[in-house]
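For reference, the structure is listed below as structure tokens.
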Amino acid sequence: QESRGLGDVYKRQCLQGVNLSCAEWGKLPGVYNKDYTFPTHQEIDYYQQKGMNLIRFPFAWERLQTAQFAQFDQDYWGHMTDTINYATSKGLKVVVDPHNYARYYGKVVGVDVPVTAFTDLWTKLANNLKSNPNVIFGLMNEPNTMKTETWLEDANAAISAIRATGATNLITVPGNAWTGASSWCDNWYGTPNCQVMLGVKDPANNFVFEVHNYLDSDGSGTHDTCVSSSIGSQRLATFTAWARQHGYKAYLGEWAGGRNQVCYQAITDILSFIGNNTDVYRAWTWWAGGPWWGDYIFNLDPYSGSDSPQLAYLQPFIGGNRKC
């Protein structure tokens, strides 16, 4: 039986990489190079030289479309396409990520914002990017604080719109509750993802589930400490079993640990777990790199002339013909 949601792009190699952030930063609409900026070609080169082959590229929907159904803002789109085209021309895959939490100007898609505004975004993105096989469509960053059923309706509408353009690109599909792996089958946020997200429908059958998994006490990714050296694999266990049971593939879209020995052990643990579960996991991206992170606890960019300390613990799992 062919597994559901098995992306063709993942049949050839595991994708390992980093989120390159900063285009989604700051107040709206914001000023370029004051409130937000874009990843540099030098950063993309650096990560490729380290053996990575995947960039997750967050952007702000409101900057790309300043009003619902608007044409793309040409300045912002120009910077986006420069980043996408440069990375993909080097052979990297790029996940295009509206980093909006299922919101548009703070209003919930499918509640206060019509689903058709969301499908319009994805119709335009797909029409512009469908000819590039190295582009992956990340439907939405971290939907939260809404009905899981509403998010499923949003997601299926966007997937349908993408496929209606003829695009066959891989799609990554998050769940509700910030798409946390550890809460995938919990009900504190409403009906669990592990029930509702069984309803994802992709006519092209080319999608993976995207989950996020931080290692700090509340799983928020805001602390530089990790609960234990094995917290990553523990928090992935339930989701992984669910995906395997239903024949789904997965992408760990955000994860990170701080600069201390427990977190270094936790980094090794989580990547070992992924490597031992390659029937499910096909990709991962660290949070984060980007030109303005500076001394941020999870910054993977070189800082003050030195590689990030965490990179040394990622490196054994990157490159070559590793399954993941």
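Some points to look at:
- Pairs exceeding a 26 Å alpha-carbon distance, out of Lys93/Lys249; Lys27/Lys50; Lys34/Lys93; Lys147/Lys201; Lys50/Lys93: Lys27/Lys50; Lys34/Lys93.
- His223 accessible area, assembled protein chains, probe 1.4 Å, Å²: 70 Å²
- Filtered trypsin sites (Lys or Arg not before Pro), the stretch 22-88: DSSP coil and at most 15 other beta carbons within 10 Å: Lys27, Lys34
- Comparing mean-square fluctuations of Leu300, Leu28, Leu152 from a GNM of the chain with C-alpha springs under 10 Å, the top value falls on Leu28.
- Reachable aspartates and glutamates from Lys130, criterion Cα separation under 17 angstrom, eight or more residues apart if same chain: Asp8, Asp82, Asp97, Asp120, Asp202
- Summed over the residues of the chain and divided among them, the accessible surface reaches 38 Å² per residue at a probe radius of 1.4 Å.
- Expected 222 nm ellipticity per residue - DSSP helices of 4 or more, -39500 (n - 2.57), all of the chain, to 500: -9500 deg cm²/dmol
- Hull shadow area, averaged, the stretch 155-242 [alpha-carbon convex hull, nm²]: 6.5 nm²
- Rg over Rh for the chain works out to 0.93, both radii taken from alpha-carbon positions and Rh defined as the Kirkwood radius.
- Scattering curve values for the stretch 210-324, log₁₀ I(q)/I(0), Debye with Cα scatterers, q = 0.13, 0.16, 0.22 Å⁻¹: -0.47, -0.71, -1.28
- log10 of Debye I(q)/I(0), alpha-carbon scatterers only, for the stretch 89-159 at 0.13, 0.19, 0.21, 0.23 Å⁻¹: -0.38, -0.74, -0.87, -1.00
- In the stretch 4-111, chymotrypsin sites (Phe, Trp or Tyr not before Pro) in a DSSP loop with at most 16 other beta-carbon atoms within 10 Å: Trp25, Phe69, Tyr105
- Long-range HN-HN contacts of Asp301 with modeled amide H, under 5 Å: Gly290
- ³J(HN,Hα) computed for each position of the stretch 187-200 - Karplus, 6.51 cos²θ - 1.76 cosθ + 1.60, integer Hz, glycine/proline x: 10, 5, 9, x, 5, x, 3, 5, 9, 5, 6, 5, x, 4
- For Lys130, net neighbour charge (Lys/Arg +1, Asp/Glu -1) across residues whose Cβ lies under 12 Å away: +2
- Highest-MSF residue in the chain out of Asp154, Asp301, Asp35 [GNM, Cα springs under 10 Å]: Asp35
- Counting protein heavy atoms only, the chain has 48 percent of its accessible area on carbon and sulfur, 1.4 angstrom probe.
The values are calculated or read from the model by the stated rules, or taken from the named source; none is laboratory data. Owing to the predicted nature of the structure, the values given are computational and were not obtained by experimental measurement. All Cβ positions, even for glycine, are placed from backbone atoms using ideal geometry, and neighbour counts span all protein chains on display. The accessibility values were calculated without ligands, DNA or RNA, using every heavy atom of the protein model including side chains. Shrake-Rupley method; radii C 1.70, N 1.55, O 1.52, S 1.80 Å.
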